[in-house]
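Working notes, structure below.
The values are calculated or read from the model by the stated rules, or taken from the named source; none is laboratory data. Since the model is a prediction, treat every value here as computed from it, not as a measurement. Heads up, the Cβs are rebuilt from the backbone with ideal geometry, glycines too, and the neighbour counts pull from every protein chain shown. Protein only, heavy atoms only, side chains kept; ligands, DNA and RNA dropped before computing areas. Shrake-Rupley method; radii C 1.70, N 1.55, O 1.52, S 1.80 Å.
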Amino acid sequence: DGMGNLRITEKGLKLEGDSEFLKPLYAKEIRSTAGNPLYFQSARNVTVNILNEESKVLTRLVTGPKAVEAYSQKFQVRTLNGELLFSADDNEVVVGAKRLKVLGAEGTVFPKSIETPNVRADPFKEL
C-alpha cells in the first residue's frame, strides 16, 4: 500500500510527514489535510509552472531568497471578498484600492503627466 510516509489511496497518493524530492514533482493537485498547513521549503527557490496542453509555460511563480516573481499575461491581487487591489499587464497597471499611499521619503516621480480628481497630504503634513 505504499512505502514509508507515502501511501496509495483511492484518491491518489497520500504523503504523511516530511519528504524530500530530488527531482521535479508533477501533480494534478497538491493539498494538505483539512485544518493543517501545507509547507514548501527549498534551499534555493520554489517554482510553480502552469502549462497548456502542449506543455508550454503559461504562468510561472518563483519564490526565491530575495524576491517573489510572477510571469504571466496578467497579475492580480484581490481581497478575500474578491475586490481588485492591484492588476498589471503589458498595457497598464491598475491600483484598485480606495486609497494609494506613498511612504518613501522621496515620494514618487511621474515622468509624464498624470490625471487625478484629488491629491492631498495627511493632515498637518506638507504636500
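Being touching a Phe, Trp or Tyr at 6+ places or on another chain (Cβ under 6 Å) and not basic (Lys, Arg) is the requirement here; does Val77 meet it?
So Val77 passes the test.
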Filter region 92-127 for residues that are open to solvent by 100 Å² or more (accessible area, probe 1.4 Å) and among the acidic types (Asp, Glu); the one that is nearest to the chain's Cα centre (by Cα) is Glu92
Restricted to region 55-89 and to residues being under 21 Å from Lys23 (Cα atoms) and β-branched (Val, Ile, Thr), the residue least open to solvent (accessible area, probe 1.4 Å) is Val62
In this structure, does Asn52 turn out to be within 30 Å of Ala121 (Cβ to Cβ), exposed (fewer than 10 other Cβ atoms within 10 Å of the Cβ) and at pLDDT 85 or above? no
Filtering region 1-49 down to residues that are over 30 Å from Gln73 (Cβ atoms) and among the hydrophobic types (A, V, I, L, M, F, W, C), which residue is least open to solvent (accessible area, probe 1.4 Å)? Leu6
Listed residues Val102, Val94, Val62; which is under 22 Å from Ala121 (Cβ atoms) and either among the β-branched types (Val, Ile, Thr) or not in a loop (DSSP other than H, G, I, E, B) (or both)? Val102
